[in-house]
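Shown next, in structure tokens, is the structure this report addresses.
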Amino acid sequence: MNDLYQNFQKFFEIVIADTAELLEHVYRIRYQVLCIEQRLPGFDPAHCPDEKEKDNYDSHSCHVLLRYRPSGDFIGTARLILPALSKPEKLLPVELYSQTDPMLCDIKALPRQHTAEISRFLITSQFDRRRDERRREDRRKETAETDSEKRSTQDRRASDRRSGLSIGLVLMSGVMRMSVKYDIRHWLIVTDPALNKLMGFYGLNFNPIGPPVNYHGIRRPYYAKVEDILKKMYNEHRDAWEVVTDCGTYRLMQAN
């Protein structure tokens with residue numbers, strides 16, 4: 001087992017939020033991050049008098065929590081918006097609030113029962129290191145531009161990759177568990193392009209399927225076929241693959 005996986009096991013626990021008590025933690029984390037810390041624009045605390053952030057997609061979503069073992073606190077959450085069985089014509093947020101190019105990804109042609117949107121992918125402020133990561137990425141880019149001819153792609157990847165365990169990577173392991181449980185084979189997401197780029201260091205960068213839009217800040221729609229992501233990670237980022245799949249425990253079965 002690699003260092004990333006060992007740190008994952010030592011410090012973090014993935015908890016599927018499948019009880020009313022656990023969902024309370026989900027909604028309160030979302031309220032804290034979105035409404036109080038205002039990490040994304042457009043979330044008004046006045047709309048959440050019970051201090052729980054919810055919307056009409058939660059009724060047909062599955063949710064995951066990330067627990068930090070040393071303290072026992074929940075420090076992150078994510079959800080998969082699943083197809084609305086009672087209202088199959090209901091559109092996903094990516095379809096409503098972004099502009100997608102059907103030449104890049106024809107969402108309507110995807111098998112709806114195996115397609116979900118990753119959403120509310122959040123980490124509490126004391127563990128959110130994305131700002132520092134972005135600054136490091138900017139410095140790396142400047143260095144690469146002046147030194148690209150002297151370094152191989154493999155060497156650049158090794159030095160660029162953070163030596164520590166990415167919390168986003170750990171949270172994606174929760175998304176993977178939910179995907180296996182509900183047989184989700186296609187992921188959609190509207191997210192910060194910088195986050196997608198950072199996740200690319202672990203082979204988890206999605207394919208852009210439309211231009212950036214102003215949706216809770218500047219964000220862009222992306223698509224990934226889960227099987228393709230896992231194959232790339234297994235071949236090129238085996239240590240990250242072990243974290244996301246729990247050493248192969250959570251993998252999709254071959255489609256018939």
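Of all residues in the stretch 58-83, those satisfying the criterion of being among the hydroxyl-bearing types (Ser, Thr, Tyr) and in contact with a helix residue (DSSP H, G or I) (Cβ under 7 Å, 6 or more places away or on another chain) are 68, 77. Take residue 120 and tell me if it is at pLDDT below 85 and touching a helix residue (DSSP H, G or I) at 6+ places or on another chain (Cβ under 8 Å). Criteria not met by residue 120.
Scanning the stretch 202-220 turns up at least one residue that is closer than 22 Å to residue 94 by Cβ, within 14 Å of the chain's Cα centre (by Cα) and polar (S, T, N, Q). For the stretch 166-180, the set of residues classified as in contact with a helix residue (DSSP H, G or I) (Cβ under 7 Å, 6 or more places away or on another chain) and either under 15 Å from residue 196 (Cα atoms) or aromatic (Phe, Trp, Tyr) (or both) consists of 166, 167, 168, 169, 170, 172, listed by residue number.
The residue of the stretch 24-40 that is surrounded by the fewest Cβ atoms within 10 Å (Cβ to Cβ), among those that are out of contact with any Asp or Glu (no Cβ under 8 Å at 6 or more places or on another chain) and closer than 15 Å to residue 119 by Cα, is 40.
Taken over the stretch 179-227, the criterion of being farther than 18 Å from residue 98 by Cα and assigned to a helix (DSSP H, G or I) is satisfied by 179, 180, 181, 197, 198, 199, 200, 201, 202, 226, 227.
The values are calculated or read from the model by the stated rules, or taken from the named source; none is laboratory data. Just so you know, these numbers come straight off a predicted model, no measurement behind them. Glycine gets a Cβ as well: all are built from the backbone with ideal geometry, and neighbour counts include every protein chain shown.
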